[in-house]
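Taken together, the values in this text are just the output of simple stated rules run on the coordinates, not laboratory data. This one's a predicted model, so the numbers in the text were calculated from it and none came from an experiment. Here Cβ is always computed from backbone atoms with ideal geometry, including for glycine, and neighbour counts include all displayed protein chains.
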Amino acid sequence: METIKEGIDLMDLPRSFQDVVTVSRSLGLHYLWIDSLCIIQDDINDWHRESIKMRVVYSNATVVIAASRATSDEAGFLQARLLGATIAISCDGIHPWFYLQQVQQTYDRDEDPLRWEPLSCRAWAIQERYLSSRYLAFATHEVFWECKTARLAEDGRSTQKRKQHCIEQLIPRLIADKAPSAFKVSREEVSCHFGWLSMVTEYMSCQITFPSDRLPAISGLADRLWRETQDVYLEGIWRRSLIPGLLWHNRNINTALRRPETSRVPSWSWASIEGGIFFSLCDEIYAYPGGLEYFAVLREHDHEMRNSMFATGNGQRLVLYVPVLPISGWSGPFDFRDFPESLFGGPEHQKRILAIHISYFPSERLITVELPEATLYIVGSLDLPSTDVDFLDMFVVFLAGSCPPPPEMAQRKSLWGLIVKRNDDKTTYSRVGMVKGHFMVANKTLKAQDLLSMYASLSLESILLVWAPDKMDRHPWQETPFDERDKRVLTLI
């Protein structure tokens with residue numbers, strides 16, 4: 001350490017470090033901060049001290065230089081690039097008037113040109129880009145510049161129509177001090193919090209060496225957003241958007257989620273698992289012009305103000321007053337795509353059902369929930385792959401439902417909720433999955449395969465309450481088939 005304080009030979013540094021020194025000197029900058037140099041490696045105490053300063057470091061930097069194309073510290077990012085062919089244009093056939101160069105990278109202005117660069121696939125790099133006021137990225141084919149007023153490529157193209165990957169994108173557009181409770185919220189009130197959830201969706205697709213770093217790697221972002229909103233941060237989810245933040249599920253049909261054995265993050269948080277996720281309401285809320293009704297009331301949560309509150313998983317619990325109904329059985333797991341076309345009434349109907357009922361759900365189950373008068377059926381999915389899970393001591397916690405649409409619009413009611421399992425202490429519950437979509441309430445004499453077929457085809461045979469677009473005159477909008485009697489206090493850990 002003392003030797004390093006006296007000076008560092010530039011040639012002893014990895015190539016990417018040498019390149020960033022070259023860029024800094026070219027820009028006339030006298031000070032350079034590199035995390036792996038400025039944080040003592042293999043010193044957990046120094047790491048904890050420095051990790052909570054990330055907001056200050058990146059927010060106050062003159063410019064953040066991103067080695068976007070580098071696959072490692074040794075790779076460098078100033079080496080020669082593959083350029084497109086150059087064509088000389090001449091009007092007299094002798095003297096060239098101007099030159100055209102083939103574009104190597106094409107992208108739509110709604111796309112992120114850096115999305116598939118090696119650095120963008122690293123989880124720790126996400127907050128660096130969001131927090132910086134100026135961002136200079138050396139990508140595979142060209143250099144990109146981002147600041148508060150412009151987003152430009154080296155060839156002069158404007159890269160994005162909308163501001164993305166900036167802190168302003170994460171701040172709710174409608175800041176209202178509304179805790180999750182049994183009330184109706186408009187589509188705009190729900191969607192104003194989607195900036196953070198969209199960031200998390202991108203973030204969870206990024207690689208991280210230690211799963212325990214999932215929350216620390218965005219602690220600077222959380223710190224900055226807290227200073228803007230004064231909202232309560234609950235293990236990666238903000239209190240004002242608690243219900244949308246709880247409704248996450250696996251987004252990759254071909255890749256299963258996994259929960260690290262050493263995780264201290266509670267099961268209800270997205271940070272408790274590894275793998276690509278999607279927040280259900282981020283896409284689906286726009287199909288419900290009537291907005292949502294929240295069923296859950298947040299009664300209590302563990303929260304302590306301290307310097308590291310954004311950085312570590314502390315096993316927080318949530319105490320909710322919410323409808324809780326026992327699961328009496330299920331069909332599956334199965335994949336709707338493997339069912340014969342006759343089940344759906346033809347390819348076009350099959351496509352519609354897939355889009356409506358199982359978007360992003362990799363493993364489906366038809367969940368059976370007992371009501372006093374009948375049985376409710378709704379599609380669900382477990383968070384972790386399993387074929388031998390026992391549904392005993394498992395419940396559906398209903399968090400939200402869609403509100404009636406305008407009179408001129410035909411629409412079925414949808415529900416969203418969590419599948420939870422009662423823990424051995426008999427007083428707390430852990431999340432194990434999620435339910436979402438349209439539901440039906442049927443009599444208790446139907447066979448499982450018949451029920452599955454009816455659910456998939458939205459048949460009206462032998463069903464007491466079901467909603468179908470072409471039968472809206474026979475079955476007007478129905479309210480949720482559970483009431484205050486079905487609510488109870490539930491502790492999630």
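A few remarks follow.
- Cα gyration tensor category, rounded, prolate or oblate, for the stretch 219-307 with a/c compared to 1.5: oblate
- Virtual spin-label span in nm between His95 and Thr22, 7 Å along Cα→Cβ: 3.6 nm
- Modelled FRET efficiency - R0 56 Å, Asp155 with Asp425, Cβ distances, 0.05 increments: 0.35
- Built amide H within the under 5 Å cut-off of Arg134, gap 5+: Val64
- Long-range tail of P(r) for the stretch 2-165 (Cα pairs > 18 Å, %): 67 percent
- With 29 Å as the limit, the listed pairs Lys5/Lys148; Lys413/Lys487; Lys53/Lys184 have Lys5/Lys148; Lys53/Lys184 beyond it between alpha carbons.
- FRET efficiency for Trp145 and Tyr31, using Cβ-Cβ distance with R0 set to 25 Å, rounded to 0.05: 0.75
- Scalar couplings 3J(HN,Hα) for the stretch 127-142, obtained by applying the Karplus form with A = 6.51, B = -1.76, C = 1.60 to θ = phi - 60°, are 5, 4, 6, 5, 7, 6, 8, 9, 9, 10, 10, 9, 9, 4, 10, 7 Hz; x denotes Gly and Pro.
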